[in-house]
Amino acid sequence: MRVISLSSLKGGVGKTTVTLGLASASFARGLRTLVVDMDPQSDASTGMDVTVGRRLNISHLLAHPRGSQVRNAIAPSGWTRSHKGTVDVLLGSPAAMAFDTPSVTRKEIWRLEEILATVENDYDIVLIDCPPSLNGLTRMAWTASDRVAVVTEPGLFSVAATQRAFRAIDELRRGVSPRLQPLGVIVNRVRPQSIEHQYRIDELKEMFGALVLQPELPERVVMQQAQGAASPLHVWPGESAEEMAESFNSLLERIVRSVALTEG
Ligand SMILES: Nc1ncnc2c1ncn2[C@@H]1O[C@H](COP(=O)(O)OP(=O)(O)OP(=O)(O)O)[C@@H](O)[C@H]1O
Ligand SMILES: [Mg+2]
């Protein structure tokens, strides 16, 4: 089982969108997929069409990390109603906010890693949708991860924000979790005709070289449509959806190679 965090220090740049797109690609590829909704806004849980019912959620597990309870906080995505396969969600909750504090203890920082260890044999890939901060929840997510992808828009402050994120990843790797590595930067919401966007992308490439992952993701209305319907992108009709699905397949392929994931 390989674990990937989708992060950014800025809000609204597309972490959840990229998490859902990659989950859709991974589901379509037949990988057993778990999405962990670490963001108290719980957008990923909504986007994956889960019925919460009387289940526990991530905040219960973080408060009392008991292995026997982990399965009770995981729900199958509604995506499996129309297509066969495994794609589950470790449910998010606004109550997780209590753990998003600037300082986390040595013990707390390993909590998500401990939680995920109990489902190690059940999934091929775990995608963690992180909150837009560098606080406790993100640190727990990174400590449980093999790779972190930093999501950014091609904007004025994207180089600086990405640099800060990479520096933080490096600090955590040296101080806490040696296996952690940056996967790269995923550039989202690109308007291909925009000269400004092209300029910012060139700037990112100059700074980060091959760490700028290809392809960049364009801004497409279909992303919001599929999300609004809580549908996986890979079954959404139309050419635009197909093009985006292809892009997510390529990004997933890069991830699979980067973590040397062997597919059963
Ligand atoms: N490539 C895209 N094309 C069109 N719309 C997009 C694209 N990426 C993201 N969006 C839209 O932008 C909004 C913000 O995206 P998203 O929720 O994924 O960002 P986020 O980084 O997870 O935000 P937060 O920091 O609040 O968690 C959403 O309405 C989403 O549908
Ligand atoms: Mg989000």
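The values are calculated or read from the model by the stated rules, or taken from the named source; none is laboratory data. Please read these numbers as outputs of a predicted model, since none were measured by experiment. Note that we place each Cβ from the backbone using ideal geometry, even for glycine, and neighbour counts take in every protein chain shown. Ligands, DNA and RNA are excluded from the accessible area calculation, which covers all protein heavy atoms including side chains. Shrake-Rupley method; radii C 1.70, N 1.55, O 1.52, S 1.80 Å.
If contacts are Cα pairs under 8 angstrom and at least 6 residues apart, what is the relative contact order of the chain in percent?
For the chain, the relative contact order is 26 percent.
Compute the relative contact order of the stretch 166-264 as a whole-number percentage, counting only Cα pairs closer than 8 Å that sit 6 or more residues apart in sequence.
22 percent
Tell me, what ³J(HN,Hα) does each residue in the stretch 80-86 have, in order and in whole Hz, if you take phi through Karplus 6.51 cos²θ - 1.76 cosθ + 1.60 with θ = phi - 60° and put x for Gly and Pro?
Rounded to whole hertz, the list is 7, 5, 9, 9, 6, x, 10.
In what sequence, highest mean first, do 147-153, 58-64 appear when ranked by Cβ atoms within 10 angstrom?
On the way: 147-153: 24.9, 58-64: 19.9.
Ranking the peptides 147-153, 58-64 by packing returns 147-153, 58-64.
Would you list, by chain and number, the lysines whose Cα falls below 28 Å from the Cα of Lys10, excluding same-chain residues fewer than 8 positions away?
Here the lysines satisfying the reach criterion relative to Lys10 are Lys107, Lys205.
Quick one: which residues, 5 or more positions from Val87 or on another chain, have an amide H under 5 Å from its amide H? H modelled 1.01 Å from N in the peptide plane, none for Pro or chain starts.
Placed amide hydrogens put Thr33, Ser77 under 5 Å from Val87.
Name the residues whose placed amide hydrogens come within less than 5 Å of the amide hydrogen of Gln181, ignoring near sequence neighbours (fewer than 5 apart) on the same chain.
Arg147, Val148
How much length, in nm to one decimal, is gained on full extension between Ser194 and Ala117, taken as 0.36 nm per residue of separation minus their Cα-Cα distance?
Details: separation 77, 0.36 × 77 = 27.72 nm, distance 4.45 nm.
Computed gain between Ser194 and Ala117 is 23.3 nm.
For an R0 of 35 angstrom, estimate the FRET efficiency from the Cβ-Cβ distance between Glu203 and Val176 and round to the nearest 0.05. List each step's numbers first, then the result.
Working: r = 31 Å, r/R0 = 0.88.
For Glu203 and Val176, the calculated efficiency is 0.70.
Please state the Cα pair-distance histogram of the chain with 10 angstrom bins from zero: what percent is in each bin?
7, 33, 38, 19, 3, 0
Would you mind checking which residues have amide H under 5 Å from Ser8's amide H? H placed 1.01 Å from N; only 5 or more apart, or other chain.
Correct list: Ser133, Val151.
Which of the helices in the chain, when you take each full DSSP H run, stretch at least 24 Å along the axis at their Cα atoms and have an average Kyte-Doolittle score of 1.0 or higher?
Counting only whole DSSP H runs, no helix qualifies.
Which value, in Å² and to the nearest 10, is the accessible area of Thr86 when all protein chains are kept and the probe is 1.4 Å?
Rounded to the nearest 10, the figure is 50 Å².
Give me the percent of accessible area attributable to carbon and sulfur for the chain, probe 1.4 angstrom.
Working: 5850 of 11600 Å².
Percent of accessible area from carbon and sulfur atoms in the chain: 50.
For the pair Ala95 and Glu263, how long in nm is the line joining their label points, each one 7 Å along Cα→Cβ?
3.8 nm
From the mean inverse distance of alpha carbon pairs (Kirkwood) and the Cα radius of gyration, derive Rg over Rh for the stretch 112-152.
Details: Rg = 10.8 Å, Rh = 11.1 Å.
Rounded to two decimals, Rg/Rh equals 0.97.
Does a label point 7 Å from the Cα of Thr105, set along Cα-to-beta-carbon, have any residues of the stretch 32-65 with amide nitrogen under 19 Å, and which are they?
Within reach of a label on Thr105: 59-65.
For the stretch 129-236, what does the accessible surface come to per residue with a 1.4 Å probe? Please give it in Å².
Details: 4690 Å² over 108 residues.
Averaged over the residues of the stretch 129-236, the accessible area is 43 Å².
Just the accessible area per residue of the stretch 24-108, please: how many Å² with a 1.4 Å probe? It would help to have the intermediate numbers written out before the result.
Values: 4150 Å² over 85 residues.
Here the per-residue accessible area is 49 Å².
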